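Visitor: Could you have a look at this structure, given as structure tokens, before my questions?
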Amino acid sequence: MSDQLFLVPAMNFPEAAREAFAVEFGRFLDQTDGIGKPEELFDLLSAFALNLDCPWIAYGSLAPDQKGLKPVRGDPAIMLNYPDEWQERYSEMGYDRIDPTIKRSRRRAEAFRWSEVYNDESTTEDERRVFDEAATFGLRSGISVPLHGPDGSFAIMNFAQPWDGEFQNRTITYLQLAALHFHLRVAEFANSSGIEETPNLSPREKECILWAAKGKSSWEIGKIAGISVNTVNFHIKNVMRKMDTASRTTAAVKALKCGIIDL
């Protein structure tokens, strides 16, 4: 991807395509007005990205000296809709510690294609393995958007597609703009809504902890949700971590008290 991303002449884009991108982006901005929860904002961003052929997105904040994508106090928990199996594999293998998109994002201000990083001679074989394995779980191509704050804060937004192919410059432009808008709105929530006290759970995490609150075992939850026992345990452990609890029972009680789930 060219470093002159925003200097690509508009005349290179077909008129109909430019108008379609502008309309979708304008609709996204309009829909975010009045949104009061990060999860709702994430859903809108997911829908916008899907219109640009990106079904998978992920957002996470990092402290200045933090290597992996883990929640930062005062910021929302990581929000993503990646396939459950890939999330589990990523966590099990500790890929957050070697994810090349994170390393590259710390040094870049503009969005970049994953293929750039993969083909860079400075990228190690271990780092390339993260991309290779992601592809086997359906994330075959993507871009990353670095989001740097004036106080040294740092976040990253990833958009991925289930097929091979390069992102067009205009697609990257609009995804980067949408990611920045999302990031700024999330920061507003963090400053005004006490997000630290109400952790954000993914839909699957809410489902698993809800059934746990109803007394279901991991095996029973797996049968109900149509996922493996390991995946159930993976989501429940995430809930426990986000809730800062040592047991699933305590996590379920806290989720109930926070209004995250309702029996």
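The values are calculated or read from the model by the stated rules, or taken from the named source; none is laboratory data. The model shown is predicted, which means the values in this text are computed figures rather than measured ones. Every residue, glycine among them, receives a Cβ derived from its backbone with ideal geometry; neighbour counts consider all protein chains shown.
Visitor: Going by the conditions given, is Glu188 in contact with a Gly (Cβ under 9 Å, 6 or more places away or on another chain), modelled with pLDDT under 85 and either buried (at least 16 other Cβ atoms within 10 Å of the Cβ) or closer than 25 Å to Arg106 by Cα (or both)?
Guide: In short, no.
Visitor: I want to confirm something. Restricting to region 18-39 and keeping residues that are assigned to a helix (DSSP H, G or I) and in contact with a Ser or Thr (Cβ under 9 Å, 6 or more places away or on another chain), which single residue is modelled with the lowest pLDDT?
Guide: Phe21
Visitor: I've got another one for you. Which is farther than 30 Å from Phe21 by Cβ and either polar (S, T, N, Q) or in a helix (DSSP H, G or I) (or both), of Gly222, Gly152, Gly215, Gly259?
Guide: Of the residues listed, the single one that is farther than 30 Å from Phe21 by Cβ and either polar (S, T, N, Q) or in a helix (DSSP H, G or I) (or both) is Gly222.
Visitor: Regarding Tyr82, is this residue of a type in the set (Phe, Trp, Tyr), in contact (Cβ under 8 Å) with a residue 24 or more places away in the chain and assigned by TED's automatic domain parsing to the domain that holds Leu52?
Guide: So Tyr82 passes the test.
Visitor: Please determine, by comparing only the residues of region 135-156 that are at pLDDT 90 or above and of a type in the set (Ser, Thr, Tyr), which one is surrounded by the fewest Cβ atoms within 10 Å (Cβ to Cβ).
Guide: Thr136
Visitor: Yes or no: Glu205 among the acidic types (Asp, Glu), surrounded by 14 or more Cβ atoms within 10 Å (Cβ to Cβ) and either part of a loop (DSSP other than H, G, I, E, B) or under 21 Å from the mean Cα position of the chain (by Cα) (or both)?
Guide: Here the answer is yes, as Glu205 does meet what is asked.
Visitor: Looking at region 183-192, is at least one residue over 30 Å from Phe112 (Cβ atoms) and either assigned to a helix (DSSP H, G or I) or in the same structural domain as Trp56 (by TED's automatic domain parsing) (or both)?
Guide: yes
Visitor: From Thr245, Thr173, Thr231, which residue is among the polar types (S, T, N, Q) and assigned to a loop (DSSP other than H, G, I, E, B)?
Guide: Checking each option against the conditions leaves just Thr245.
Visitor: Restricting region 111-134 to residues that are among the polar types (S, T, N, Q) and either surrounded by 13 or more Cβ atoms within 10 Å (Cβ to Cβ) or not assigned by TED's automatic domain parsing to the domain that holds Asp84 (or both), which is nearest to Gln168 (Cα to Cα)?
Guide: Among them, the one singled out is Ser115.
To keep it simple, each residue is scored yes or no on (1) surrounded by 22 or more Cβ atoms within 10 Å (Cβ to Cβ); (2) at pLDDT 90 or above; (3) out of contact with any helix residue (DSSP H, G or I) (no Cβ under 8 Å at 6 or more places or on another chain); (4) aliphatic (A, V, I, L, M).
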position	(1), (2), (3), (4)
Ile57	yes, yes, no, yes
Asp65	no, no, yes, no
Val72	no, no, yes, yes
Ser91	no, no, no, no
Ile102	yes, yes, no, yes
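Visitor: Quick one: count up the residues across region 191-203 that are at pLDDT 70 or above, touching a Pro at 6+ places or on another chain (Cβ under 9 Å) and over 15 Å from Arg241 (Cβ atoms).
Guide: Total satisfying the criteria: 0.
Visitor: How many residues are closer than 11 Å to Arg204 by Cα and not aliphatic (A, V, I, L, M) if we restrict to region 227-255?
Guide: Total satisfying the criteria: 4.
Visitor: Could you tell me how many of the residues in region 218-233 are in contact with a Cys (Cβ under 8 Å, 6 or more places away or on another chain), surrounded by fewer than 19 Cβ atoms within 10 Å (Cβ to Cβ) and under 16 Å from Ser91 (Cα atoms)?
Guide: Of the residues in region 218-233, 0 are in contact with a Cys (Cβ under 8 Å, 6 or more places away or on another chain), surrounded by fewer than 19 Cβ atoms within 10 Å (Cβ to Cβ) and under 16 Å from Ser91 (Cα atoms).
Visitor: Still on this structure, I have one more. Scan region 129-149 residue by residue and report those that are in a loop (DSSP other than H, G, I, E, B) and within 19 Å of Arg97 (Cβ to Cβ).
Guide: Correct list: Phe137, Leu139.
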